[in-house]
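Undergrad: Can you read through this structure? Questions will come right after.
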Amino acid sequence: MILLAKLTRLQFEINGVPRHVIVDPEKDKLSTVLRRIGLTGVKVGCGIGVCGACTVLINDEPVRSCTKKISSIPEGSRILTIEGIGAPGRLHPLQQAWITYGGIQCGFCTPGFIVSAYGLLLKNPNPTREEVREWFRANHNVCRCTGYKPIVDSVMAAAAVMRGEKTMADITYDFEGEKDIYGSSHPRPTALAKATGLADYGDDLALKMPDGVAYLAPVLGEQIHAKIIDIDVSEAEKMPGVIKVMTAKDVKGANNVDFPAVVPRQRGSGLTIFPVICGEKVVRMGDVVALVAADTRDHAREAAKKVKQTLEPLPVYMTLPEAAMPNAIQLHKNVPNFYMEQPCYKGDAPAVFDDAPIVVEGSFHSQHEPHLPIEPDTVQAYWGIDDMLTVQCKAQAITEAIEGIEQGCGIPKDKIRVIMNTVGGSFGYAVTANTYALVATAVQNLDMPCALTLSWEEFQHMSGKRSATYTNGRLAVDKDGKILAGEYDVGLDHGAYGVVAGKIFNNLVSVGFHGYNIPAFRGLARGVATNHGFNAAYRGFGAPQIYTCTEALIDMAAEAVGMDPWEFRYKNAARPGDLTINSRPYHDYVYPSLLEKIKPYYDEYKKQAEEGRAAGKAMGVGISMGGFIITIGMFDQAEAALELMPDGGITCYDTWEDVGQGGDIGSLTHTVKALEPLGITADRVRLVMNDSKTCPDTGLAAASRCHYMGGNAIINAADQLLEAMKKPDGSWRTYEEMTAEGIPTKYVGHYDQFNIGLPPGLDPNTGMGEKNPTFMYAVNTCLVDVDKATGKAKVLKYTTVADVGVIGNMLSVEGQAYGGLSHSIGFALSEQYNADKKTSNMVGAGIPQIDAVPDDFNVMFIETPRPNGPHGSCGCSECFQSSGHMAVINAINNACGVRVYELPATPDKIKAGLEAKAQGKDIKPAKYYLGNDFEDELDYIKANPM
Ligand code: FES
Ligand code: FES
């Protein structure tokens, strides 16, 4: 017998209006009820009270509504959500300030933050910045995108308006006065919907779909590595509301969403089969063994608990050294565990090391880093009226998402339409989410619309992660501090599935030691499958990992020589004529200038660290250098289209996937700038974005490529349109004149870099060559305080100077800087994913909350125009999450003499280091076992050229 819930009616004053709601007093949370009555500005991220996305005010007090049982709220209480604060046309100063000052990127945290700030200003109309920060800390408001500083700026500006010290006009962008959109701080077009809670994210859309939707719940394997003996769904299928329980036999395609690696030097077939639903074995935490479809979410979840798994455990290899052991069993049928590699040589490094007066060496580990967006993964899919299987999701790579669905589900590409929803953060994971094919499988089986919203914990286990690395490295220098040679052997633990590892693996031997003149170099990158979380794109792929080794070695060498770390870097920074480790000229020789510009900050931090030490504190200053590539390689290409509309406006069509980084403002900025001769203003441009059916393929939003590739494609489209519109007398044809003359009004622009005069990539035998057409550069410094009693390190101040070419939109670039650097601080100190309970939620996984990110946070730029870049730009995002963490690690060493070799530098590690140091010891890992001996492997490669 099905027990029906007993309901009741309650009354509250919601957003100033008395409202009645019918609720299940036993089960309903406040967030559920508010969302059910249409107030979907209340976002649910973590669902367990740690992120603040669901914050509302009850009788003026901030409450995390996902944890508040509806029955615990006294009737008649006043409840305020974002919708009650302001709306388009009557914005509250907080909403306006968030738009103007860059408080919004993905915007998923925004309603919760604004409501929380509203509560603060009710109590304290004139808060200090520190009081604002403390309020957000105490109320658990977490933002993963902005680095918090722009949010505090927004509160301060809004508070000034509310006190009457400023006007709304003062805190509103002056659209009328905009002289040139390029380089401006023009707010992003999607910010208004996000600031008012009106932007519908995936789960909001799911809630608003017509009747007849099947709700899905995944069943995850109960073991990390095991053979599947049986998945018994019989009991689950009898549960209330269940429509179907799907297993591997219900997947209609190849049941694989992985593709061959593009790294040429590989063993086996190069394919780590990544099932949509596992049928033979599970190889990691988060593998799906069944998928339940039911009439409600609750029914699906209840039934999922009844699926019985019979699994035969297999050995679990959670680290690369374990998986690379000769006696380790092979994790994938056709691929040895160690199967990808790329060597790199420059000069005769071994001979230089033999003769070098000073050699520093060490072994370094960087952890699996979780992306930690506040919004979990969510997908809605259905057969469209055009008979296309339409998948709405967070796809950060629309074309790749289609390819994965095509292969995994056996649906022809031209029958698949992928639409990107408004996205609550991704940072790379959504390039390769396996949920797209999973939900497509359900639609194929059920022939009905399906919706899946993962719990945050499921999301954490099911999604990919930044790959871990294990690196043995050394650096040779002379007594004057001149670098003579560098060397490293780096193993990339890409986890259970290769996915994008093969595409960007070579970054490991093209960004290491970047910015230095390394006269001789020898390196080897190896890619290995383990049972850990699978590899996913993440801002700066490969860069944070390899800088963990090289930027430590640089500091260690400076220390060995007795030089200041800034002086050492300045002495060895590449100057014209010096070559990269790939034996190519640097694209730009800007590091000396960046170092000069940051020097006053570095000196000031040094002075403050000395003062702190004099007062008995363990304070230190750190510095790091290094940037990142632009584009996914020389084979990259992009398209975008522009159309002249009947009203004389312009529509831009592209798939510049916007995960919060600003694909919207990027497309708008390029369109307005490229059509400058027409005098088109931003308000006359309409954006049609991120729908595979209606937009040309601009490529994936990764490798900081969109501004560069998509921007050039828009320029090409604009050139064609301008050419078509131009009359012989130099004036412009109108839409009517174009159509009357039979001239097309829509043009698809294309950009590729096949013929820009650079080598087509790295030589698989030597690593010589050019991987990317341009680069971005950064130097970072910070001041850190280490609590000697607890070992806790806190970043007090942080400054970065970057060169990302000519800046297209200052607000977005600064946003990427603050956001990326906040991830770097997290990477240094707290973030990790260990496929366990502790790291299955945001806080346990170490997401930096506002008190972990300094408010004294500065970003400065040098704008060196890039020759092939649109308007001299390149990209920007990833240089801010490349080497920034090493400024923190180096500062810890400077503060207390403890070098942390294995990230993150959690208090326990620093404390253990302090205790060891007190006994005259140093905690450092032994040389990592990475498989075959380094020398032997290089000999093998030389003997087997490709
Ligand atoms: S605190 Fe409620 S969704 Fe995170
Ligand atoms: S803008 Fe705060 S989480 Fe994205």
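The values are calculated or read from the model by the stated rules, or taken from the named source; none is laboratory data. Everything numeric in this text was worked out from a predicted model, so none of it was measured. Cβ atoms come from the backbone with ideal geometry, glycine included; neighbour counts cover every protein chain shown.
Undergrad: Could you list, in sequence order, the residues of the range 137-155 that are within 13 Å of ligand 1 (Cβ to nearest atom) and crowded, with 24+ Cβ neighbours inside 10 Å?
TA: Within the range 137-155, Asn141, Val142, Cys143, Arg144 qualify.
Undergrad: Does the range 658-667 include one or more residues that are surrounded by 24 or more Cβ atoms within 10 Å (Cβ to Cβ), in a loop (DSSP other than H, G, I, E, B) and on the phi > 0 side of the Ramachandran plot?
TA: Yes, there is a match, as at least one residue in the range 658-667 is surrounded by 24 or more Cβ atoms within 10 Å (Cβ to Cβ), in a loop (DSSP other than H, G, I, E, B) and on the phi > 0 side of the Ramachandran plot.
Undergrad: Another question, if that's okay. Name the strands (runs of 3 or more DSSP E) wholly within the range 337-416 that hold at least 1 residues that are away from ligand 2 (no atom under 16 Å from the Cβ) and among the acidic types (Asp, Glu)?
TA: So the answer is 338-346, 358-366.
Undergrad: Would you tally the residues in the range 806-823 being part of a helix (DSSP H, G or I) and either touching a Pro at 6+ places or on another chain (Cβ under 7 Å) or among the hydrophobic types (A, V, I, L, M, F, W, C) (or both)?
TA: The total comes to 8.
Undergrad: Gly268 passes all but one of (1) crowded, with 18+ Cβ neighbours inside 10 Å; (2) touching a strand residue (DSSP E or B) at 6+ places or on another chain (Cβ under 6 Å); (3) part of a loop (DSSP other than H, G, I, E, B); which number fails?
TA: All conditions are met except number (1).
Undergrad: Hey, Asp377 hits all of (1) free of Cβ contacts under 8 Å to residues at least 24 places away in the same chain; (2) within 16 Å of ligand 1 (Cβ to nearest atom) but one; which does it fall short on?
TA: Status for Asp377: all satisfied but (1).
Undergrad: Restricting the range 741-753 to residues that are over 28 Å from the mean Cα position of the chain (by Cα) and not aliphatic (A, V, I, L, M), which is surrounded by the fewest Cβ atoms within 10 Å (Cβ to Cβ)?
TA: Gly742
Undergrad: Across the range 233-278, what is the number of residues that are over 27 Å from Thr319 (Cβ atoms) and among the small types (Gly, Ala, Ser)?
TA: 6
Undergrad: Assess whether Tyr570 counts as being hydroxyl-bearing (Ser, Thr, Tyr), crowded, with 24+ Cβ neighbours inside 10 Å, out of contact with any Phe, Trp or Tyr (no Cβ under 7 Å at 6 or more places or on another chain) and at pLDDT 95 or above.
TA: Judged against the criteria, Tyr570 is not a match.
Undergrad: Restricting attention to the range 486-535, which residues are in a strand (DSSP E or B) and out of contact with any Cys (no Cβ under 9 Å at 6 or more places or on another chain)?
TA: Those that are in a strand (DSSP E or B) and out of contact with any Cys (no Cβ under 9 Å at 6 or more places or on another chain): Gly486, Glu487, Asp489, Gly491, Leu492, Asp493, Tyr516, Ala520, Arg526, Gly527, Val528, Asn535.
Undergrad: Would you confirm, using the coordinates I've provided, whether Cys46 is in a loop (DSSP other than H, G, I, E, B), in contact with a strand residue (DSSP E or B) (Cβ under 8 Å, 6 or more places away or on another chain) and within 16 Å of ligand 2 (Cβ to nearest atom)?
TA: no
Undergrad: Do any residues in the range 49-60 that are touching a residue at least 12 places away in the same chain (Cβ under 8 Å) have Cβ atoms under 6 Å from those of residues that are of a type in the set (Gly, Ala, Ser) and away from ligand 1 (no atom under 14 Å from the Cβ), where the two are at least six apart or on different chains, and which pairs are they?
TA: Leu57/Gly119; Ile58/Ser77; Asn59/Ser77
Undergrad: Can I ask one more? So Ala158 fits all but one of (1) surrounded by fewer than 24 Cβ atoms within 10 Å (Cβ to Cβ); (2) away from ligand 2 (no atom under 14 Å from the Cβ); what number is the exception?
TA: (1)
Undergrad: Looking at the range 53-65, can you tell me whether even one residue there is within 9 Å of ligand 1 (Cβ to nearest atom), within 26 Å of Gln816 (Cα to Cα), assigned to a loop (DSSP other than H, G, I, E, B) and modelled with pLDDT of 95 or more?
TA: Scanning the range 53-65, I find at least one residue that is within 9 Å of ligand 1 (Cβ to nearest atom), within 26 Å of Gln816 (Cα to Cα), assigned to a loop (DSSP other than H, G, I, E, B) and modelled with pLDDT of 95 or more, so the answer is yes.
Undergrad: While we're on this one: If only one of Pro62, Pro111 is buried (at least 24 other Cβ atoms within 10 Å of the Cβ) and touching a strand residue (DSSP E or B) at 6+ places or on another chain (Cβ under 7 Å), which one is it?
TA: None of the others qualify; the one that does is Pro62.
Undergrad: List, please: which pairs have Cβ atoms under 9 Å, are six or more places apart or on different chains, and start with a residue in the range 98-119 that is on the phi > 0 side of the Ramachandran plot and at pLDDT 95 or above and end with one that is small (Gly, Ala, Ser) and within 16 Å of ligand 1 (Cβ to nearest atom)?
TA: Close Cβ pairs (under 9 Å, with a partner that is small (Gly, Ala, Ser) and within 16 Å of ligand 1 (Cβ to nearest atom)) amount to Gly107/Gly424.
Undergrad: Just need a number here: residues in the range 754-785 that are on the phi < 0 side of the Ramachandran plot and surrounded by fewer than 19 Cβ atoms within 10 Å (Cβ to Cβ).
TA: Number of matching residues: 10.
Undergrad: So how many residues does the range 403-446 have that are buried (at least 24 other Cβ atoms within 10 Å of the Cβ) and under 19 Å from Phe274 (Cβ atoms)?
TA: 21
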